[in-house]
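Reviewing the structure listed below.
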Amino acid sequence: MNRVVHFEIHAADADKMQEFYQSVFGWDIKDLGAMMGNYRIINTGADAAGKQWPGINGGMTPRRGALPQLGQAVNAFVCTIEVANVDETLGKIATAGGTIALDKMDVPGVGTLAYILDPENNIFGILQPIAS
């Protein structure tokens, strides 16, 4: 079964957004630094022993475009779905009427990632993890 494995929040002011999500939800957010494009890892929860709670973790990435405008149609977090084969999945997406928003790329230590627009232009990611 293909399942959502990661979410992303796009932020023009990452410090302000980090403060918001930490204060509202208590998420642990860590900046990976300039070498990783100032990507921030979001851990949505663990118990006192450090065991991960059910659910998914995510990230915060610098926004690459204008801020969404008030009154605009839905603007959402980007969910990423784990797939066994990015190329095969991209073929299925094209057949089903989706388009590539950002072509596949290798993410060091993670896997191969691509961003997709569904037929109504909702964005999501697909990720083929590095084989373990």
(message) Restricting to the range 112-122, name every residue that is farther than 17 Å from Asn85 by Cα and either aromatic (Phe, Trp, Tyr) or not in a strand (DSSP E or B) (or both).
(response) Asp118, Pro119, Glu120, Asn121, Asn122
(message) When you check Ile9 against the structure, is it surrounded by 10 or more Cβ atoms within 10 Å (Cβ to Cβ) and either assigned to a loop (DSSP other than H, G, I, E, B) or touching a residue at least 40 places away in the same chain (Cβ under 8 Å) (or both), yes or no?
(response) yes
(request) Evaluate the range 61-75: report whether one residue or more is small (Gly, Ala, Ser), farther than 22 Å from Glu19 by Cα and not assigned by TED's automatic domain parsing to the domain that holds Phe25. (result) yes
(message) Please go through the range 88-111 and give me each residue that is surrounded by 16 or more Cβ atoms within 10 Å (Cβ to Cβ), outside any strand (DSSP E or B) and not polar (S, T, N, Q), ordered by number.
(response) Leu90, Ile93, Gly98
(message) For the structure I just gave you, tell me whether Ala94 is modelled with pLDDT of 90 or more, over 20 Å from Met1 (Cβ atoms) and outside the structural domain of Met1 (by TED's automatic domain parsing).
(response) yes
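The values are calculated or read from the model by the stated rules, or taken from the named source; none is laboratory data. Please read all numbers here as calculations on a predicted model, not as lab measurements. Here Cβ is always computed from backbone atoms with ideal geometry, including for glycine, and neighbour counts include all displayed protein chains.
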